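The values are calculated or read from the model by the stated rules, or taken from the named source; none is laboratory data. Computed from a predicted structure; not experimentally measured. When we count neighbours, we look across all protein chains shown, and the Cβ atoms used for this are built from the backbone with ideal geometry, even at glycine. Surface areas here come from the heavy atoms of the whole protein model, side chains and all, with no ligands, DNA or RNA. Shrake-Rupley method; radii C 1.70, N 1.55, O 1.52, S 1.80 Å.
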Amino acid sequence: MSALLNLSRAWSGRALVVAVPILWLGLFFALPFLVVAKISLSELAIAMPPYLPLAEWADGALNIVLNFGNYLFLLSDGLYIAAYLESLKIAAISTLFTLLIGYPMAYVIAMARPDRRNLLLMLVVLPFWTSFLLRVYAWIGFLKSNGIINNMLMALGITDAPLQLIQTDFAVYIGITYTYLPFMILPLYANLSRLDRSHLEAAADLGARPLTTFLTVTLPQSAGGIVAGCMLVFIPAVGEFVIPALLGGPDTLMIGRVLWDEFFSNRDWPVASAVAVVMLLVLIGPILLLRRAQAREEG
Amino acid sequence: MTKLIWTAGAFAALATPLAAQGELNVYNWSDYVAEDTISGFEEKTGIEVNYDVFDSNEVLEAKMLTGSTGYDVVVPSIEFMARQAQAGVFAEIDKEALSNYGNLDPEILEVVAVNDPGNTYGVPYMMFTTGIGYDVNKVSERIEADKIGSWDMVFDSETAAKLADCGITMLDSPSEMVAPALNYLGLDPNSEDADDLEQAKELLLSIRPHVRYFHSSQYINDLANGEVCVSVGYSGDLLQARDRAAEADQGIEIAYAIPREGAQVGFDMLAIPADAPNPEAALQFIDHILEPEVSAAITNYVYFANPNTAATEHVDAEVREDPGIYPPDETRAKLFSLKPHGARFDRSLTRAWTEIKTGR
């Protein structure tokens, strides 16, 4: 009898622990996602809100009309596919830049004297103390025609006329690389700081040069950190809206901007929702990759 | 500053103001009141005003159709207001509560009644034309004099190419850019015909490589600072750019032209959302705007003409006589106004616009 009671108590305790995150996910992820999925299957209308309801009671019968036309529209129109591909390209190139800049920084921090590490890490996180929007705005000041960079180039006599830096894809790469850099450095640092130094000493003892040691010992062991950092940058960068809107040109085609345009400029909620659902599907691959990298890190 | 206002507008779209007793939430276009319009109302009534701004009808409409915006007074253009009224967005205006309603020009009330039968949902706030603002020196260095003051400046690809290096900008609004393109092609600016839209799209795509950007408020500062040299924009905004350039005294001279082929005339309307938390204060605010001195002060400050007959005597002579603000009769004959679109045409229009903007 008492054994049974203990068992049920243990079970309810475990259920409670699991229930909290599940409830959280359900409330803040699954439910909003279902709402978006529902709108993506409805039809555009001049109403408040601007779409027709999916289900209607008519003559005592429940009529459900699912409209897959919004998805067909996305597929039939080259613009959306181009926007997804362009977003993936811009996110991938920016991720590569953050990796090239972030890896050496994470490496130096991980190899620094332990009492200095905290200071260096704080310097990485410090930009978060100001608003993301202001930091992107600051880049407008750097990049615009009569901005700091152009004025400097002209004062040094490198160029005669101002270069068109802002409103280009290049400015978007800079913006993403700059704002997402900490997300690359932190997981890489976490990985590199756990690197067993005796492996490096062993490699040196066996006659490996520093470069060989790095390529054959350090780099493979930090693969988990590289994947985690890359995905933490890549996944949010694909859906980025603010950076392309402020720094990109009118022809910088990113899915976050298309989504904004569909929702705000075109007031087409059903198509905007379909764009969002498809974006999630596109990101499932990279998300699974991130999960595997994390599982390997832990195991 | 306009850039900051733009962001404030774009991101205010994501925030919802909280309304309490004795508070009034106003959502208006950027740079669209005089310095003392709001403070004057607050002093007179003791009502605290939260003032937010936007820079496109489309953004306002997205918010209105979502509902529960918390705003008491919003300022859509007439053709957008007509459609939103169909969706049940607005409350009827209680004209009895507006002691200054009689100040409004009956002719203008008649014109806007085509879109708002019986003037039920809106009170006209300001009138504007959508024309071309340009940097006089840079433009006359680059193109022949007879092209200046014509839509050729932006719609003729040969002329636009000559101006591309100093910067052409256009409004980020499908309805307000496609209509003048249709008009330039000799077609009905309100056409919903697919072939007509295709022709307008081809025209805009042909000059697309020469356009620096599409934005509905940034051009005010950029034109005044010399960052760009030709902007399609709203009359009052472009005239403000002219003044800012003159104040800065950097040798930049800006002029505004209502192109001779004809241009859009628009009306922005004061309207009260059906779910406004404080409709009484909203009516008080509208009545305050209709005071002749208040309307005149706004016109003197923002250079948009008001529809308030009693206000005209308080408007500065130089503003009243400016053909860009109060166009003369022969220009007026060429002006056209927009009608609301059907939902189906709207999707093709915005879709064409995305293609034009991205150039693909």
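Annotations for the structure displayed:
- Three semi-axes of the equivalent ellipsoid, region B:127-178, Cα gyration tensor, whole Å, largest first: 20, 12, 10
- Pairwise centroid distance, computed over Cα atoms, of region B:278-297 with region A:81-154, Å: 49
- Percent of beta bridges antiparallel (DSSP, chain B, rounded to nearest 5): 60
- Along principal axes, Cα extents of region B:17-138, largest first, whole Å: 52, 33, 33
- Distance from region B:147-181 to region A:175-248 (C-alpha centre basis), Å: 48
- Of all DSSP-defined beta bridges confined to the protein assembly as shown, some 65% are antiparallel rather than parallel.
- Accessible surface ranking that places the most exposed of A:PHE128, B:PHE54 first, with a 1.4 angstrom probe: A:PHE128, B:PHE54
- Residues of type aspartates and glutamates that A:LYS144 reaches as a straight line, Cα spacing below 16 Å, ignoring anything fewer than 8 places off in the same chain: A:ASP160, A:ASP169, B:ASP165, B:ASP222, B:GLU227
- Convex hull of region A:166-299 built on C-alpha atoms - directionally averaged projected area, nm²: 10.2
- Straight Cα distances below 22 angstrom link B:LYS334 to the lysines B:LYS147, with same-chain residues fewer than 8 positions distant left out.
- Our summary gives region B:164-216 a relative contact order of 56 percent, counting only alpha carbon pairs under 8 angstrom and 6 or more residues apart.
- Alpha-carbon spread of chain B, three principal axes, descending order, Å: 57, 47, 38
- Cut-off under 5 Å, modelled amide H: who pairs with B:ASN100 long-range: none
- For residues of B:57-69, the mean tally of beta carbons on other chains within 10 Å: 4
- Difference of contour (0.36 nm per residue) and Cα-Cα distance, A:LEU219 to A:LEU134: 27.1 nm
- The heavy atoms of B:GLU110 present about 140 square angstrom of accessible area, all protein chains included, probe 1.4 Å.
- Taking 4.7 Å between C-beta atoms as the pairing limit, the protein assembly as shown has these partnerless cysteines: A:CYS230.
- Packing-based order for B:143-151, A:263-271, using average beta carbon neighbours within 10 Å, highest first: A:263-271, B:143-151
- For region A:117-132, backbone nitrogen atoms closer than 15 Å to the point 7 Å from A:GLU201 Cα along Cα-to-C-beta are found at no residue.
- Equivalent ellipsoid semi-axes - Cα gyration tensor, region B:149-206, angstrom: 21, 11, 10
- Relative frequency of Cα-Cα separations exceeding 36 Å in chain A, percent: 39
- By average C-beta atoms within 10 angstrom, highest first, the peptides A:240-252, A:48-60: A:240-252, A:48-60
- For B:353-359, mean number of other protein chain Cβ atoms within 10 Å: 6
- Model label sites at A:LEU79 and B:ASP94, defined 7 Å from Cα along the beta-carbon direction, differ in position by 4.4 nm.
- Cα-Cα over 20 Å, subset of B:LYS95/B:LYS339; B:LYS63/B:LYS357; B:LYS201/B:LYS357: B:LYS95/B:LYS339; B:LYS63/B:LYS357
- When chain A is treated as a GNM with alpha-carbon contacts under 10 Å, the residue of A:PHE234, A:PHE73, A:PHE29 showing the greatest mean-square fluctuation is A:PHE29.
- Estimated FRET transfer efficiency when R0 is 25 angstrom, pair A:LEU211-A:ALA190 (beta carbons, to 0.05): 0.55
- Both the radius of gyration and Dmax for region A:114-164 are 16.4, 49 Å, in that order, over alpha-carbon atoms.
- The smallest convex shape that holds all Cα atoms of the protein assembly as shown, its convex hull, gives 241 Å³ per residue.
- Mean partner shielding of peptide A:263-273, defined as the number of other chain Cβ atoms within 10 Å of each residue Cβ, is 6.
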